[in-house]
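Shown next, in structure tokens, is the structure this report addresses.
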Amino acid sequence: MPSAIWKNVCRLLCVSAAASVGVALPMLAQRAAQKPAAAPASAPATAPATLGLGTAWYPEQWPESRWETDLDLMQKAHIRWVRVGEFAWSRMEPSEGQYDFDWLEKAINEAGARGIYTVLGTPTAAPPAWLTQKYPETLRTNEDGRKAEHGNRQQFNWDNPKYRELARDIASRMAQRFGHNPYVIGWQIDNEYAAVSFDAQTKADFQQWLKGYYKTLDNLNARWTTAYWSQTYSNWNQIPIETVGGNGNPGLLLSWKRIVSDTWRNYQKNQLDVIRQYADPRQFITTNLMGWFDGFDHYTITQDLDLAAWDDYVGMGHLDAVRNGATDDLTRGFKRKNFWIMETQPGHVNWHTVNNDLDKGEVRAMAWHNIGHGADAIGYWQWRSALNGQEEYHGTLLGADGTPLPLYVEVQQLGHEMEKAAPALTGTSPKSQVAILHTYPSFWAINWQRHNKYYDPVEELLSYYGPLHAIAQSVDIVQPTAPLSQYKLVVAPGLNVLSDAAAKNLIAYVQQGGHLVLGQRAGMKDSDNALQTERQPGPLSDLLGGRVEAYYALEHPVPLEGDWGANTSQMWAERLQITKPGAEILERYGKSNGWLDGEPAAITRKVGKGRITYIGAWMDEAGMAKAAEWMTAISHIPPAFGPVPKGVEVNARYGADHTVFVLVNLSGVAQTIALPRHMRDVLRGEEASSVELTNYGVAVLSEPHK
Ligand code: GLA
Ligand code: GLA
């Protein structure tokens, strides 16, 4: 299970609950209005450089007398921003209507006086005990009907009107107070949206949503094929939220995910609108996402944000440049622009099976790897551990005694380097000629019915991403409805659910001269998660001049041979058929179950200046490498930089008049890399024709455009 998802599951299940009782609270109407404080006289007019090192800081956990020491140590580490406040509701509003923002303002201004800017978190992931006690309807209901309790976090009900009202109130008061504070550069709404509620109101809202979406019950019944198992609905209020184990009706499951996504979107908008109302437009609004976590459609919720950010935790083991790089590119694809690493691990986490540390040098290497992929900020979670609370063992930069841990020095070096490289990197971003397509409905649909337990759609995507990134040295990950004309090659692994809009966009892309590569299981379902009546790839079959005759979940790998050499198909094999002239066979299956023997596994067809290819096999690494070579060669895609030794990652960021290449050595040994041309070595401050990289070594190279 991807680490972020694992962590989230653990976090929700490992709850220690302690609900408090008693105390009568004043009415909401009596809430005192908050007087906005004057900006400090010494405030600088501009925010810091776009590339910045940061950390999560929790001043509410420490006496004010300690803040100065912390901020001095941050300043020495070249930390330029702190994220503050995202769990501090009980400190900001200790009892209903009694607000205290003075401490927060003091913390923000003291940081600001040292050139450390603040990202303010709204504290709605952790409502205070008085709140959920007085308004128990704001507590989430688990799918088994059990109510969440106070004592952990994410206990709130994201769909509850009362909770919305209270969340909006605290966000609004924060925005009124800090929306013009010159040291506040942006906002994080809530924290890692994840846990949803299955209460009666949510169910009624789901039914209402379905009515809006499907209009008539006849339509819903037809599109969900409810004649199956007598599921036919004669009243909207009969429709359940049936999601346990992914075993509900596939149309219902997909609709439920859509309303979950929409509900997160309007949960977020509830706070976002009020922040927008009071805050300076220069203050960005974001939230911290969790990589491949698929609890909701991230394209739905990020459309309202100014920038995307994610929390990048390796968890157990070490940096996997392919998986982590793809996650960066996924996040960059949400807004199709640079993003933030809002949180990352200072060495280790506390929530995995074995919470090993990253090696010496690896934390810095990981940061540069992320910057190469388009991160404009790297934030360490967290600065110093709370002395008690659920995360005592998590990695930090300071020890419990308040003095630096060994890793502090490495992060300090990173901060120094980020400052040095900021002028070269500001205004640059990755740009690719290769796109990989991703949709949440497709991932959900495959995960609900994997057919082969080991068929992980993230792994499928990565099997294409890895070799393509190694050759092109940059890949975008976007939705199939995104503008595609800038790409020479568009690859869609596992595009299982193909909406009409996506099909139209893809057909136009090929007709306009693009090369579309479809991976296994593409085009099988429509946007209700129903089977297409045309064989795969459904509405793209005509263009392909071919189709999937049958699919097979494999017990053992099946041999393959053809233009991409001998390799094997793992887990999955689709027997293809050519239906039109012009389509050619690229690979065939060898001897296996009889049904596949000698049958086509990959086919391609030229369409005018464009091309469409279908790969029905889940090829092994050697096969995927060859396939990627073929795809990039036939689509005329040059590497962004040039050849580098295996294990060295290159990424490019393009500016108006120069390109920056970020090289990170993850090969395990020292490497000498000859540069394709003379470049400026930004970190060493000299011209270079080659660079020496120790293991985990980094080079940042700048080259002016001709
Ligand atoms: C059982 C059920 C059928 C069908 C099959 C599938 O036999 O009776 O309705 O679900 O399993 O294998
Ligand atoms: C997430 C949360 C943080 C913290 C870290 C620990 O990213 O947002 O509050 O719990 O995990 O890894």
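Which condition number in (1) in contact (Cβ under 8 Å) with a residue 60 or more places away in the chain; (2) in contact with a helix residue (DSSP H, G or I) (Cβ under 9 Å, 6 or more places away or on another chain); (3) of a type outside the set (S, T, N, Q); (4) over 20 Å from residue 86 (Cβ atoms) is the one that residue 282 fails?
(2)
Need pairs with beta-carbon distance below 7 Å; first residue touching a residue at least 24 places away in the same chain (Cβ under 8 Å) and within the range 324-335, second open to solvent by less than 10 Å² (accessible area, probe 1.4 Å) and of a type in the set (S, T, N, Q); sequence gap 6+ or separate chains.
Pairs that qualify, where the first residue is touching a residue at least 24 places away in the same chain (Cβ under 8 Å) and the partner is open to solvent by less than 10 Å² (accessible area, probe 1.4 Å) and of a type in the set (S, T, N, Q), are 328/370; 334/302; 335/302.
Give the residue that is farthest from residue 370 (Cα to Cα), with candidates limited to residues of the range 336-348 that are in contact (Cβ under 8 Å) with a residue 60 or more places away in the chain and out of contact with any helix residue (DSSP H, G or I) (no Cβ under 8 Å at 6 or more places or on another chain). Steps first, answer last, please.
Looking only at the range 336-348, we keep the residues that are in contact (Cβ under 8 Å) with a residue 60 or more places away in the chain, and these are 336-338, 342-343, 346-347.
Filter once more, keeping what is out of contact with any helix residue (DSSP H, G or I) (no Cβ under 8 Å at 6 or more places or on another chain): 336-337, 342-343.
On the way: 336: 16, 337: 14, 342: 12, 343: 12 Å.
Result: 336.
Residue 691 - would you say it is assigned to a strand (DSSP E or B), touching a helix residue (DSSP H, G or I) at 6+ places or on another chain (Cβ under 6 Å), at pLDDT 95 or above and not assigned by TED's automatic domain parsing to the domain that holds residue 475?
Working: assigned to a strand (DSSP E or B): yes; touching a helix residue (DSSP H, G or I) at 6+ places or on another chain (Cβ under 6 Å): no; at pLDDT 95 or above: yes; not assigned by TED's automatic domain parsing to the domain that holds residue 475: yes.
No; evaluated as a whole, the condition is false for this residue.
Might you check whether a residue that is more than 15 Å from ligand 2 (Cβ to nearest atom) and within 21 Å of residue 86 (Cα to Cα) occurs anywhere in the range 319-326?
No, the range 319-326 has no match at all.
For the range 116-153, what are the residues that are open to solvent by 10 Å² or more (accessible area, probe 1.4 Å), within 29 Å of residue 340 (Cα to Cα) and assigned to a loop (DSSP other than H, G, I, E, B)?
Once the filter is applied, which keeps residues that are open to solvent by 10 Å² or more (accessible area, probe 1.4 Å), within 29 Å of residue 340 (Cα to Cα) and assigned to a loop (DSSP other than H, G, I, E, B), the range 116-153 yields 126, 153.
Pick from the range 622-641 the residues that are farther than 15 Å from residue 515 by Cβ and among the aliphatic types (A, V, I, L, M): which of them is least open to solvent (accessible area, probe 1.4 Å)?
624
With the requirement that a residue be closer than 30 Å to residue 514 by Cα and either out of contact with any strand residue (DSSP E or B) (no Cβ under 7 Å at 6 or more places or on another chain) or open to solvent by 10 Å² or more (accessible area, probe 1.4 Å) (or both), what does the range 390-431 give you?
Within the range 390-431, 427, 429, 430, 431 meet the criteria.
Of the numbered conditions (1) buried (at least 18 other Cβ atoms within 10 Å of the Cβ); (2) over 22 Å from residue 448 (Cα atoms), residue 256 satisfies every one except a single condition; which is it?
All conditions are met except number (2).
When only residues in the range 327-348 that are within 15 Å of ligand 2 (Cβ to nearest atom) and aliphatic (A, V, I, L, M) count, which is nearest to residue 285 (Cα to Cα)?
Filtering first and then ranking leaves 342.
Counting residues that are open to solvent by less than 70 Å² (accessible area, probe 1.4 Å) and touching a helix residue (DSSP H, G or I) at 6+ places or on another chain (Cβ under 8 Å), which strands (runs of 3 or more DSSP E) fully inside the range 530-613 reach at least 2?
Where strands (runs of 3 or more DSSP E) fall fully within the range 530-613 and carry at least 2 residues being open to solvent by less than 70 Å² (accessible area, probe 1.4 Å) and touching a helix residue (DSSP H, G or I) at 6+ places or on another chain (Cβ under 8 Å), they are 567-578, 583-589, 600-607.
Consider only pairs whose beta carbons are under 8 Å apart and that are at least six residues apart or on different chains; among these, list those whose first residue lies in the range 288-314 and is within 14 Å of ligand 2 (Cβ to nearest atom) and β-branched (Val, Ile, Thr) and whose second residue is in a loop (DSSP other than H, G, I, E, B) and open to solvent by 10 Å² or more (accessible area, probe 1.4 Å).
314/320; 314/358
What pairs come up if the first residue lies in the range 576-605 and is free of Cβ contacts under 8 Å to residues at least 12 places away in the same chain, the second is open to solvent by less than 50 Å² (accessible area, probe 1.4 Å), and their beta carbons are under 7 Å apart, counting only those six or more places apart or on different chains?
Sorted first by the residue in the range 576-605, then by its partner, the pairs are 597/589; 598/589.
Those residues that are acidic (Asp, Glu), open to solvent by 10 Å² or more (accessible area, probe 1.4 Å) and under 22 Å from residue 388 (Cα atoms), I need them from the range 55-97; list them, please.
60, 64, 68
Given the condition more than 32 Å from the chain's Cα centre (by Cα), touching a residue at least 12 places away in the same chain (Cβ under 8 Å) and assigned to a strand (DSSP E or B), answer yes or no: does some residue in the range 654-671 qualify?
Within the range 654-671, none of the residues are more than 32 Å from the chain's Cα centre (by Cα), touching a residue at least 12 places away in the same chain (Cβ under 8 Å) and assigned to a strand (DSSP E or B).
Test each condition in (1) within 16 Å of ligand 2 (Cβ to nearest atom); (2) of a type in the set (Val, Ile, Thr); (3) over 26 Å from the mean Cα position of the chain (by Cα) for residue 226 and report the one that comes out false.
Among (1) within 16 Å of ligand 2 (Cβ to nearest atom); (2) of a type in the set (Val, Ile, Thr); (3) over 26 Å from the mean Cα position of the chain (by Cα), residue 226 violates only (1).
It is to be established whether one or more residues within the range 353-360 are buried (at least 19 other Cβ atoms within 10 Å of the Cβ) and away from ligand 2 (no atom under 13 Å from the Cβ).
So far as the range 353-360 goes, yes, one or more of its residues are buried (at least 19 other Cβ atoms within 10 Å of the Cβ) and away from ligand 2 (no atom under 13 Å from the Cβ).
In the range 378-402, how many are away from ligand 2 (no atom under 15 Å from the Cβ) and either within 20 Å of residue 342 (Cα to Cα) or among the small types (Gly, Ala, Ser) (or both)? If you could, list the steps in order and put the result at the bottom.
Step one: filter the range 378-402 for residues away from ligand 2 (no atom under 15 Å from the Cβ), giving 387, 398-402.
Applying the additional criterion that residues be either within 20 Å of residue 342 (Cα to Cα) or among the small types (Gly, Ala, Ser) (or both) yields 398-400, 402.
So the count comes out to 4.
Could you list, in sequence order, the residues of the range 332-364 that are within 21 Å of residue 82 (Cα to Cα) and of a type in the set (Ser, Thr, Tyr)?
Once the filter is applied, which keeps residues that are within 21 Å of residue 82 (Cα to Cα) and of a type in the set (Ser, Thr, Tyr), the range 332-364 yields only 344.
Among all residue pairs at least 6 apart or on different chains, which show Cβ distances below 6 Å where the first residue, located in the range 349-377, is over 17 Å from residue 695 (Cα atoms) and the second is away from ligand 2 (no atom under 14 Å from the Cβ) and part of a loop (DSSP other than H, G, I, E, B)?
374/338; 374/430; 376/50; 376/51; 376/338
I need the full set of residues from the range 297-323 which are within 11 Å of the chain's Cα centre (by Cα) and crowded, with 19+ Cβ neighbours inside 10 Å, in order please.
297, 298, 302, 308, 309, 310, 311, 312
The values are calculated or read from the model by the stated rules, or taken from the named source; none is laboratory data. All of these numbers come straight from a predicted model, not from anything done at the bench. As a convention, Cβ positions derive from the backbone with ideal geometry for all residues, glycine included, and neighbour counts pool all protein chains shown. Accessible surface areas use protein heavy atoms only, side chains included; no ligands, DNA or RNA. Shrake-Rupley method; radii C 1.70, N 1.55, O 1.52, S 1.80 Å.
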